[in-house]
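No value in this document is a laboratory result; all are computed from the given coordinates. It should be emphasised that the depicted structure is a prediction, and the values quoted were computed from it without experimental measurement. Here the Cβ is made from the backbone with ideal geometry for all residues, glycine too, and neighbour counts use every protein chain on show.
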């Protein structure tokens, strides 16, 4: 093994050179690199870093660059404390996005729930949560996610079990979600999951698949009923308006008749009065004149006239004035 | 060179002691130390670095976390002889590692013991409760919607209004789900204490209570039948309401038209009356006017009644023809 003297300032150092030197240097470099690689770590913006020293919790570090004891003495866990986790029940999102796709698999085991009135509702819901206490989350419970799922299912079923089918479908959705959240929160604390339940929300709530067509049919029947009644009402309006028009016509006609009748009477009377006035001044001659005038008019009109001598006792000897031959 | 060898040997010895005499206990673990199979001291609960005598003492680690127990879904008869499908879960913890080590030794063994204890407790409890009570957990007043029976539908018009076929009633059923759960927890806890398994039950809950598949099908059928009945009823009421409106149209039409006829006739009658009065007033003034009217009207009658087709036989003693035979 050769030695080499190096002069730094006024001091002289004796340093080994040659292959053993390189060998040691190589090891040192590798050790330094591994040490550096395993001792520095970064904690992301939405995370906390949890350090265990020989398996024992020592500290929780905020986001940033940190140092820990290398060589497996300190162990690092990163927990996303700001992240909103979500569990889905009765469905699964296959791919989230602008147009979210849902898994086509059947999750009716999860979603079919017995109601308080022993009907069955298909309920889909989500639970959103954040990790509030990283220590509990990491070390208090084994399999936190399955615990949360168990809790959520149990809670939702207990709540829905207290509501009737119709209440679940209609007016009580919010209250159901609210009650479920209360129970879930209570149990999460009891099991020390270290989670904070941010949201429990009912998604689709409807009658079970096999029953659904019959429910749609009821809605259709309601629509049909309305349509039929509306049509009948329309017909009612149409017919009644028409009848009212007809009635109006009948009355108008009667009024026309009445006016005609009275006017005619007034006219007749006026005519009579005029004649009567003349008649009174010279009754006999007026009467005769009127008689003769009338007779003239009437006789002129008749084509067949027979004049019989008053002395004849029968009508046989005829004088046919029209010249068309005999009585017919 | 000799120095380096010594260093290497020293390191090897240290590592050897480290691995045999020291052990790391994680936050999630607890351990007992045994000496030739005999437990030494209390179970170690604190995480961190611990010491034992190499070769002589052995460390056995156990979970300190809350552990899951997932019940096998099973069919259980209720007091009212309904077979229900029950899925349950529990959470438990190794409370006393020493007892645990002595009695069950491993987690799998413990799970199996829990299966026996909990399943038994479930069956016992279910057998003395009815399904409606098992499903519900409280006495909340529940609104149930049913459909009116035929005889109850009195006013068809009212019934035709939206939704009024439905009857909303409030029902209250005793909920015993919580009570049942507590009984089971109590029972399991008692058994666990008696048997010294070193296991603590944290919680037990029903995850799912469902009808079994056969019953579920029947429930669906029942729901469908009921919906069909409702749909039918809506349609029938729609038709009925239509008929009612059609009848009303006929009635109303006749009422309007006959009313108009009545009014028209009255107007006509009044006019006739008025005309008669006008005539009478003019003609009935005196004997003279009456005679004159009679004469005049007779003349008009001649004029109007005799036309060209009439045949007239005139005697020469007729006033008109009095000059026919002689001018005297």
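Before moving on, here are some points about what is shown:
- Distance histogram in 20 Å bins (all Cα pairs of chain B, percent per bin): 17, 22, 16, 12, 9, 8, 7, 5, 2, 0, 0
- Rel. contact order, % - alpha carbon contacts under 8 angstrom, at least six apart, chain A: 10 percent
- Which of A:206, B:187 has the fewest Cβ neighbours within 10 Å, and the rest in rising order: A:206, B:187
- Per-residue mean of foreign Cβ neighbours for A:156-168 is 6 (Cβ atoms of other chains, 10 Å radius).
- Residues B:283, A:85, B:323, arranged from fewest to most other Cβ atoms within 10 angstrom of their Cβ, appear as B:323, A:85, B:283.
- Taking chain A as a Gaussian network of alpha-carbon nodes connected by springs under 10 Å, the highest mean-square fluctuation of the residues A:122, A:204, A:309 belongs to A:309.
- Eigen-decomposition of the gyration tensor built on the alpha-carbon atoms of chain A gives equivalent ellipsoid semi-axes of 126, 27, 21 angstrom, largest listed first.
- Volume per residue of the C-alpha convex hull in the protein assembly as shown, rounded to whole Å³: 409 Å³
- When A:34, B:267 are arranged by Cβ crowding within 10 Å, least crowded first, meaning fewest neighbours, the order is A:34, B:267.
- Separation of segment A:253-269 and segment A:119-169, taken as the distance between their Cα centroids, equals 92 angstrom.
- Between B:82, B:61, B:248, the Gaussian network model of chain B with springs among Cα atoms under 10 angstrom shows the greatest mean-square fluctuation at B:248.
- Helix A:173-190 axis, angle to chain A major axis (alpha carbon atoms, nearest 10°): 10 degrees
- For the residues of B:305-317, the average number of beta carbons from a partner chain within 10 Å of their own beta carbon is 6.
- Percent RCO, i.e. relative contact order, over chain B, from Cα pairs under 8 Å lying at least 6 residues apart: 14 percent
- Every helix of 4 or more DSSP H residues in chain B counts as -39500 (n - 2.57), and over all residues that averages to -17500 deg cm²/dmol at 222 nm.
- Between segment A:202-229 and segment A:82-108, the alpha-carbon center distance in angstrom: 27 Å
- Relative contact order [Cα under 8 Å, 6+ residues apart], segment B:2-63, whole percent: 36 percent
- Highest-MSF residue in chain B out of B:29, B:287, B:68 [GNM, Cα springs under 10 Å]: B:287
- Axis of helix B:287-305 versus longest Cα principal axis of chain B: the two differ by about 70°, to the nearest ten degrees.
- The long axis of helix A:144-160 is offset from the longest Cα principal axis of chain A by roughly 30 degrees.
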